[in-house]
Each structure stands twice: as C-alpha cells, then as structure tokens.
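The values are calculated or read from the model by the stated rules, or taken from the named source; none is laboratory data. These figures come from a predicted structure and were not determined experimentally. Don't worry about glycine lacking a Cβ; one is built from the backbone with ideal geometry, like all the others, and counts go over all protein chains shown. Just so you know, the surface numbers come from the protein's heavy atoms only, side chains and all, with ligands and any DNA or RNA stripped out. Shrake-Rupley method; radii C 1.70, N 1.55, O 1.52, S 1.80 Å.
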Amino acid sequence: MTIFDDQHNQPAWRIQTISDPPGVPSFGYTVGLARYGLHDLHVSSRPSLGCDPGADYVLGHRAMARVLGDVAAAMAADALSLGDDVDVQLDAGLSTAYLEVGAPVPAGWVEALRASSDAVVPLPWALVRCPVGADPGVPPEEVGGWRRRVGDLVARTPRVHGFEDPDPSAFPARDDALGPLAPWVHAVAQALASAPAGAIVSSLVDDVVAQRDPELRTQLRERSRTVGRVQVLEPVERLTGRVVRAISQRCGYRTAVAVARRRSDLPYGCCVEQHLARLVHDAIESCLLVAALDDAVTASERTAVQAAWTPFVPFGVSVGAAV
C-alpha cells in the first residue's frame, strides 16, 4: 500500500490518497477538517453511482486531491452541506464527476485511518463522459505531410529488434486497429524503444519531482472519444507492453531504477520499484496515445507528454492545426 500526500491551498488540512498495489489509486481522504468542526471527506477512485461503471476509468491521485480539496473548501466556507450535490469538471472538461455529500460513517469502515475525525463523509459519485464522436480521418491535403513525417522519423531511428519499419506510403492506414495514424504510431513505438534506458528513466523521475501532471494519460483516453477512436486503446496497451520490454531488458534500466530508488527528493512511495515500472509504462502509453490521436490532442497535451522524450526521440512538427 502506498500513501501520497498532497497539500491543498488551504494549509489547515492535507489530502492523502491510497494505492494498492503501488501506482493504482484506490481512494483518498482529507486530514485536518476537524479543526473546522467538520468531518473529514472520503472519495473512491471509481464511480459507484450512475449508468457508467467506469470500468476503464479511474481518478488519479491529483484528480482525487482536487475533488476532495474543492468539496472541503466549499464546506469550510458553508457553501456546501451534508446531502448536497456538487459536480467537478475533470480531464480538461471532457468528463464530469457528479458527487453526493453523504452521511458520516466511521472512519475505520472506509480505511481512513489517519483522519482527524472519528467519522468521515463519503462522496459517492457518478461519471458522465463526452459522447463518442465520428472519426474524421486524415484530410487528403495532409497525407503528404504525414508520409514525410513518418519517413523522417523512421530514417532517424536506430533499428530495434522486434520492431519493423512502417511504410510511409501506407499512410493513412485503412481498417487498422490503431486508427488512421497507425504508421505514425508504429514509427513512434520504434523510436521510444530505441531510447537509452537509463537516461529515459532518469528523465521520467525528474518529471515526478517537477510535479508534472500525472493525470494526462486518463485525459488522453477520454480525448479518444472525441474523434471516435476508443478502439485504439487496447492495441496501444499491447504495443506499450512491447516497448516496455525492449527498454527494460537493455543495459542501464536496472541501474537507473536502483539509482532512482535511492533519491531523497521523491514523494513517499515513488521509490517503490513497482511504482517506477508503472511510471515508465504510463509514460510510454501516453506517448503512443498522443501518436494515435495526434490530430485531436491539444498542443499543451502533446508537449507535456513528449517533454521527457524529446532529447532522444525526434518527433518533429505535427501535421495540421492543433486543437
């Protein structure tokens, strides 16, 4: 079990989120609301209300901290009471959590073991996501630019065993599980697999220390709905596994993980080896999702995801206008 603390903008309380296993959020709760005469709050990482069970959706550590912080601030200001409903925008507005401020329950019932009150207020919630749109495909006038981009990345990427060079002339892809940008996704996968293992682990850990947004992966998965590409999620996951194996089996990976585990500036729990492995996995998956959705992601999403990789992977300039 891993515990992450997140200091809210109100210094009088803090927020703890719990993961079990490491890297997989389970629930979060506030600590310190008792000094306001309030019960601490508790929220699960998955929805328990509404029509969407959220089987493929989870609130990350920062998202849970935001939900708890917003509700705590409202209750401390007497703007929200027991029994009220509140909605919180998530994933850059692509999804919404509709919460109920429930009746207090004993803190031990929901494992809020460090809560400052004997009872905590649960926040059951329903997930409402944007509808799945139609895939617009690749505009004919952009095909040439994409073929050049694929060819350039392939030409500048070292060969990696188990990865075949994609054919730029096969762009755009037809009936490919990875969507119309499939040749670009394969080119990016090979480029990621060729990145120096030690350097990329160190760069990703630096991202954690810099507190870059760890929720982008969930946001990108929601972004796939806007262009009707939810079907790419499973193939991207499988391709991610191949890239992870290529990186983790090379010299330098184990050494870099061992060095990262000894760092004193990491948040509590981040030095666990399983968490570091999840960090590498999620960073690779995010890059491949950006590749599959390159014509739909925002410029800020693209930059945030690719930042740690740009010293090693020549992504080049995206074709077409960013959202």
Subject >> the stretch 80-89, subset within 16 Å of HIS39 (Cβ to Cβ) and open to solvent by 50 Å² or more (accessible area, probe 1.4 Å), residue nearest to the chain's Cα centre (by Cα) >> reply: ASP84
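Being of a type in the set (A, V, I, L, M) and under 27 Å from the mean Cα position of the chain (by Cα) is the filter; apply it to the stretch 155-187 and report the residue that is most open to solvent (accessible area, probe 1.4 Å).
Step one: of the stretch 155-187, the residues of a type in the set (A, V, I, L, M) are 155, 160, 170, 173, 177-178, 181-182, 185, 187.
Remaining after also requiring under 27 Å from the mean Cα position of the chain (by Cα): 160, 173, 177-178, 181-182, 185, 187.
Working: VAL160: 26, ALA173: 20, ALA177: 52, LEU178: 10, LEU181: 0, ALA182: 1, VAL185: 0, ALA187: 2 Å².
Of everything passing the filter in the stretch 155-187, ALA177 is most open to solvent (accessible area, probe 1.4 Å).
Scan ALA73, ALA55, ALA65 and give me the residue that is farther than 20 Å from PRO104 by Cα and not acidic (Asp, Glu).
Going through ALA73, ALA55, ALA65 in turn, just one is farther than 20 Å from PRO104 by Cα and not acidic (Asp, Glu): ALA55.
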**OP:** Name the residue, out of GLY60, GLY23, that is touching a Lys or Arg at 6+ places or on another chain (Cβ under 7 Å) and either among the basic types (Lys, Arg) or modelled with pLDDT under 85 (or both).
**Re:** GLY23
**OP:** Please determine, by comparing only the residues of the stretch 111-129 that are surrounded by 20 or more Cβ atoms within 10 Å (Cβ to Cβ) and hydrophobic (A, V, I, L, M, F, W, C), which one is nearest to ASP70 (Cα to Cα).
**Re:** LEU123
Original post:
Is there a residue in the stretch 90-97 that is part of a loop (DSSP other than H, G, I, E, B) and open to solvent by 40 Å² or more (accessible area, probe 1.4 Å)?
Top reply: no
Original post:
If the Cβ limit is 7 Å and pairs must be 6+ apart or interchain, which residue in the stretch 195-217 that is farther than 26 Å from PHE163 by Cα pairs with which residue that is at pLDDT 85 or above?
Top reply: ASP207/ALA308; ARG212/ALA304; ASP213/ALA304; GLU215/ALA63; LEU216/SER286; LEU216/GLU301; LEU216/ALA304; LEU216/VAL305
Original post:
Quick one: PRO53 ticks every box in (1) part of a loop (DSSP other than H, G, I, E, B); (2) in contact (Cβ under 8 Å) with a residue 12 or more places away in the chain; (3) open to solvent by 70 Å² or more (accessible area, probe 1.4 Å) bar one, so which box is it?
Top reply: (2)
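Within the stretch 56-66, take every residue that is part of a loop (DSSP other than H, G, I, E, B) and either among the hydrophobic types (A, V, I, L, M, F, W, C) or free of Cβ contacts under 8 Å to residues at least 40 places away in the same chain (or both) and give me the one that is surrounded by the most Cβ atoms within 10 Å (Cβ to Cβ).
Filtering the stretch 56-66 for residues that are part of a loop (DSSP other than H, G, I, E, B) and either among the hydrophobic types (A, V, I, L, M, F, W, C) or free of Cβ contacts under 8 Å to residues at least 40 places away in the same chain (or both), the one surrounded by the most Cβ atoms within 10 Å (Cβ to Cβ) comes out as LEU59.
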**OP:** With the condition kept exactly as written, say whether any residue in the stretch 252-269 is more than 30 Å from GLY228 (Cβ to Cβ), open to solvent by 40 Å² or more (accessible area, probe 1.4 Å), at pLDDT 75 or above and under 21 Å from the mean Cα position of the chain (by Cα).
**Re:** no
Subject >> VAL105 vs. criteria buried (at least 20 other Cβ atoms within 10 Å of the Cβ), at pLDDT 95 or above and among the β-branched types (Val, Ile, Thr) >> reply: no
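Going through the stretch 29-47 one residue at a time, which ones are outside any strand (DSSP E or B) and either of a type in the set (Lys, Arg) or surrounded by 15 or more Cβ atoms within 10 Å (Cβ to Cβ) (or both)? Please lay out each step first, then the result.
Narrowing the stretch 29-47 to residues outside any strand (DSSP E or B): 32-39, 45-47.
If the condition is that a residue be outside any strand (DSSP E or B) and either of a type in the set (Lys, Arg) or surrounded by 15 or more Cβ atoms within 10 Å (Cβ to Cβ) (or both), then GLY32, LEU33, ALA34, ARG35, TYR36, LEU38, HIS39, SER45, ARG46, PRO47 are the ones that fit.
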